[in-house]
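Working notes, structure below.
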Amino acid sequence: MDLSAVRFDERGLVPVVVQDARTGEVLTLAYANREALEETLRTRQSTFFSRSRQALWRKGATSGHTQEVVEVLLDCDGDAVVYRVIPHGPACHTGERSCFHRPLLPGEPDLGFVLGQVYATIQERLRTLPEGSYVARLHREGLDRILKKIGEEAGEVIIAAKNGNPEEVRWEASDLLFHLLLVLAEAGVGLQDLAHTLWERHKPQGRPGASG
């Protein structure tokens, strides 16, 4: 835990950007002193320094909405840090997933972010099995029913593509992706697992013939 490259400001603090490791979404901006950084590296739990309370605080210590740290990055100038995390609950005290939920200039949705959001919702539905939930109903009907839906939706994508209708392809492909995410969740395969596999195949030194 060599923190000699970190350039703390005159208050002994460095800004920390917290980012969802699965989707790339920025969750919050906080501050850390040397002790908070050391605690984060040691425990792999997001730990910060509260400027108002003048004390360390670990995310989720009170709310239970913890953040599992998978990577800590230092910027080129050494004066800012990124925590890449797996969040277990919302990052914002308002209950929003991210503290940055008030758009000043709305943009287009990012596919990685949307897939992460949908996957997280599917996981929550599987955990709670609420009445009226489509995910809960498919889960109760069993894996064979879910796999049948994969086949049905894949067939719909093929037909849409053969028809040469981009709008139809978009809708049917979205249905296929949703049911594929459900299969992944049922199998206990996370999006990060999928990302690792695809990245290994994408890299030149990956498996022979896998670069596409």
Item to check | Cβ-Cβ under 9 Å pairs, at least 6 apart or on other chains, the stretch 36-53 side within 17 Å of residue 17 (Cβ to Cβ) and open to solvent by 10 Å² or more (accessible area, probe 1.4 Å), far side of a type in the set (Val, Ile, Thr) and in a loop (DSSP other than H, G, I, E, B) | outcome: 45/66
Next on the checklist: Step by step: first the residues of the stretch 127-138, then only those that are closer than 20 Å to residue 174 by Cβ and either crowded, with 18+ Cβ neighbours inside 10 Å or at pLDDT below 95 (or both), then the one that is farthest from the chain's Cα centre (by Cα). Which residue is that?
Outcome noted: 138
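Could you please find all residues in the stretch 146-169 being without any contact (Cβ under 8 Å) to a residue 24 or more places away in the chain and open to solvent by less than 80 Å² (accessible area, probe 1.4 Å)?
Scanning the stretch 146-169 gives 151, 152, 154, 155, 156, 157, 160, 161, 164, 165, 168, 169.
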Checklist entry - What residue, of 23, 62, is assigned to a loop (DSSP other than H, G, I, E, B), open to solvent by 70 Å² or more (accessible area, probe 1.4 Å) and closer than 28 Å to residue 119 by Cβ? => result 62
Item to check | Pairs, first in contact (Cβ under 8 Å) with a residue 40 or more places away in the chain in the stretch 110-128, second part of a helix (DSSP H, G or I) and surrounded by fewer than 16 Cβ atoms within 10 Å (Cβ to Cβ), C-beta under 7 Å, six or more apart | outcome: none
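Just to be sure I understand, how many residues within the stretch 43-59 are under 22 Å from the mean Cα position of the chain (by Cα) and not in a loop (DSSP other than H, G, I, E, B)?
5
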Next on the checklist: Condition check: in contact (Cβ under 8 Å) with a residue 60 or more places away in the chain, assigned to a helix (DSSP H, G or I), open to solvent by less than 90 Å² (accessible area, probe 1.4 Å) and out of contact with any Phe, Trp or Tyr (no Cβ under 9 Å at 6 or more places or on another chain). Does residue 172 satisfy that?
Outcome noted: no
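The values are calculated or read from the model by the stated rules, or taken from the named source; none is laboratory data. Since we're looking at a predicted model, the values are computed, not measured. Every residue, glycine among them, receives a Cβ derived from its backbone with ideal geometry; neighbour counts consider all protein chains shown. To get the accessible areas, we keep the full protein, side chains included, count just its heavy atoms, and leave off ligands, DNA and RNA. Shrake-Rupley method; radii C 1.70, N 1.55, O 1.52, S 1.80 Å.
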